[in-house]
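Each remark here refers to the structure printed beneath this line.
What follows draws every value from the coordinates through simple rules; no lab data is involved. Since the model is a prediction, treat every value here as computed from it, not as a measurement. Here the Cβ positions follow ideal geometry from the backbone for every residue, glycine too, while neighbour counts run over all protein chains shown.
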Amino acid sequence: MAEPTDTYHTGADDEVPDLSHSEDEGEEDDEEWECMEQDADGVAVTCLFCQRSFSSVPETFQHCQSEHGVDLLQLVKTHRLDDYGYIKMINYVRTEKCSGESLAVLDGALPWDSDEYMKPALPDDPLLQIDLEELIGAEFPTDGASGAQSEVGGQGGALLQRAQQAEERAARSEEALARAMEDLHKLKMLAQGLVLSAGRSAPLCSGAVAELREDEDEAYFSSYGHYSIHEEMLKDTVRTESYRDFICGNPDVFKDKVVLDVGCGTGILSMFAARSGAKKVIAVDQSEIIYQAMDIVRSNQLDNTITLIKGRIEDVDLPVEKVDIIISEWMGYFLLFESMLDSVLWARDRYLAEGGSVYPDRCSISLAAVGDTEKHDDRIAFWDDVYGFKMECMKKAVVPEAVVEVLKPETVISDPTVIQTLDCNAVTISELEFSADFTLKITAGTLCTVSRVGYFDIFFDSGCTNKVMFSTSPHCTRTHWKQTVFLLENPIPVHTGDELPGRIVVRKNRKDPRALLVTLGLADRKLTYSVQ
């Protein structure tokens, strides 16, 4: 349910780091502790090794060092842990209840080097909410490069180490700049939402209303109160008719079942389910469109079957203990933008009865290479000469912004490759952040200019007599999701039959979990893009 715009830009989530390299280590340590104090102010922090709680992260770190002999920051530096490594270490210690002595004698493979430790052992653990990069600083690279550096002796080794550290600091600065731009865009969107909603009172309607949360979600849900968004989604025939064909074409799946519609919008999916024989449909939406949905349901004389509830699915109380089916149109740009799937999975784990199913039940994300000289000239080369002035520096800001638009199918110059497949009845929230290696096989010799395009496919399969799927590929009928384009500053010459190896890392923006950070490496080039 992505907000439709012709182009949707992105950002990222930390402040731009200082590129200078301080020689005063004492000042750096003070800054680290000050950073943690600000992040954890007023939060009860439980020790990793005992049941004592403290009012701040620094107190907890100092307690672990003085009482249990474990210097957590030194462990991070010693094992050169990145953000994920630190998270896994904290969750490992809490899960396995290991002692400080066992951590002090670690040698060889790290015992927490498993994705199972990405799941928080303690809900809302303040130790997982600190900014590791700010704590450790640019002096300590966390990508494993030091192992190779140690093999180079003398002055050459020192120079190599300094060069690699400088390169890493520059890369982090680029990411931080993109994140700062995203924060500015988010503030603009929030201000717009506040202006549009000012002075408007909610109409009086029946139905349960959950207490609204005063946080960043308010602007997101407010955007779905605008009717034009729902009009565009309903007019997206690929989207709406696929859901209709699945629901109405499989009455045996819905007959006499209890159905939950997460993020119901105007209620179109709920009404399809009611007409397909569902015994009861519960429709939940946080935005004010729910009031129009109530009128729509009554107008179609389906109010005896459909119950509408205003609120976040995580906050409301449903009138049933379990449901047989969960339906939702949760997809965003590049499939995972907006993180609405998180709410669907929460509802699945809380309400879905044994033997029930989430629909759509399967989806995949694909990548392909693109060669479009005209688009490259318009978006990238344009900055070389702007009314007679050089603005090449703008490329560094423009390129990391993923662009959402419709591509011409003839500009796709490789076979597509699937980078991730999700089973919505089994996937966990932690698995929505992932990495994958891929290879793009070139089918047309040209310049790979736009670099890569991302799109997704949706499947309604489980237990269905009439299976339904749709695609947002450039080769298929356009949808309001369009495609997600990752620009490339400098074109790569390719030939038919070439195979371009690459790697992708998809993760949530730490300050705006509804946005995405996508790191793409292709051949010898690597860049982090923001999707928002």
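Round to the nearest 0.05 the FRET efficiency obtained for Glu241 and Thr95 when R0 = 60 Å and r is the Cβ-Cβ distance. Write down the numbers at each step before the final one.
Values: r = 46 Å, r/R0 = 0.77.
That gives a FRET efficiency of 0.85.
Along its principal axes, the range 281-335 has C-alpha extents of 37, 26, 19 angstrom, given from the largest down. With contacts taken as Cα pairs under 8 Å and at least 6 residues apart, the range 380-532 reaches a relative contact order of 28 percent. Sorted on the mean count of surrounding Cβ atoms within 10 Å across their residues, most packed first, peptides 358-367, 378-387 read 358-367, 378-387. Label the range 313-416 by shape, choosing from rounded, prolate and oblate, from the square roots a ≥ b ≥ c of the eigenvalues of the Cα gyration tensor; if a/c is under 1.5 it is rounded, and otherwise prolate applies when a/b is larger than b/c, oblate when it is not. Prolate is the answer for the range 313-416, as a/c is 1.5 or above and a/b outweighs b/c. Against the compact-protein benchmark of 2.2 N^0.38 Å, the Cα-based radius of gyration of the range 362-531 scales to 1.10.
Think of the range 230-357 as a dipole: +1 on every Lys or Arg Cβ, -1 on every Asp or Glu Cβ, centred on the Cα centre; then among Gly267, Leu352, Gly277, Gly277 lies furthest on the positive end. Close amide-amide hydrogen proximity is noted between Phe54 and Val45, Thr46, Cys47, each under 5 Å apart and 5 or more residues distant or on a separate chain (H modeled in the peptide plane; Pro and chain starts excluded).
Counting every other Cβ atom within 10 Å of each residue's Cβ, Leu517, Leu81, Leu106 order from fewest to most as Leu106, Leu81, Leu517. Potential lengthening of the chain between Asp82 and Val418 amounts to 118.3 nm, from the contour at 0.36 nm per residue minus the alpha-carbon distance. Between the alpha-carbon centres of the range 248-276 and the range 483-515 there is a gap of 37 Å.
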